[in-house]
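Q: To start, I am sharing the structure in question, which I have written as structure tokens.
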Amino acid sequence: MTLYRSDDDAATWTPVTNVYGGAAAYSSAALVRRTSTQAPGSLGKRGAAEELSGKRAGQRVGVLFEKDGYQSIALALIDQ
């Protein structure tokens, strides 16, 4: 499963990274902000859902997805 990004309102798409090399199904992605006082992987008080556009310092993209024939759910954190 590859994560793509568009910076022009979905006219073109650029691959960002390969999230998972095996079989994957439904997925959901959101920006995850990490402050200097938060532990890696912590979502903080405001939550993780934000628009997936623009680079913001200190943020990651979290991708939650089903994998391996619906046998498990995984979370990948991708640094921008």
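Q: Which pairs turn up if I take residues in region 60-80 that are open to solvent by less than 50 Å² (accessible area, probe 1.4 Å) and look for partners that are among the aromatic types (Phe, Trp, Tyr) and not in a loop (DSSP other than H, G, I, E, B) with beta carbon separation below 9 Å, at least 6 apart in sequence or on another chain?
A: Final answer for the pair search is PHE65/TYR26; ALA74/PHE65; ALA76/PHE65.
Q: Taking the stated definitions as given, is TYR4 in contact with a Pro (Cβ under 8 Å, 6 or more places away or on another chain) and modelled with pLDDT of 90 or more? Steps first, please.
A: On the way: in contact with a Pro (Cβ under 8 Å, 6 or more places away or on another chain): yes; modelled with pLDDT of 90 or more: yes.
Yes, satisfied.
Q: Inside region 3-27, can you point out the residues that are open to solvent by less than 60 Å² (accessible area, probe 1.4 Å), of a type in the set (S, T, N, Q) and within 17 Å of ASP79 (Cα to Cα)?
A: SER6, THR17
Q: Something else about it: Of the conditions (1) over 15 Å from the mean Cα position of the chain (by Cα); (2) among the hydroxyl-bearing types (Ser, Thr, Tyr); (3) surrounded by 10 or more Cβ atoms within 10 Å (Cβ to Cβ); (4) modelled with pLDDT under 70, SER42 fails just one. Which one is it?
A: Failing condition for SER42: (1).
The values are calculated or read from the model by the stated rules, or taken from the named source; none is laboratory data. Note that the structure is predicted; figures quoted are calculated from it, not measured. Cβ: placed from backbone, ideal geometry, glycine included. Neighbour counts: every protein chain shown. For accessibility, only protein heavy atoms count, side chains too; no ligands or nucleic acids. Shrake-Rupley method; radii C 1.70, N 1.55, O 1.52, S 1.80 Å.
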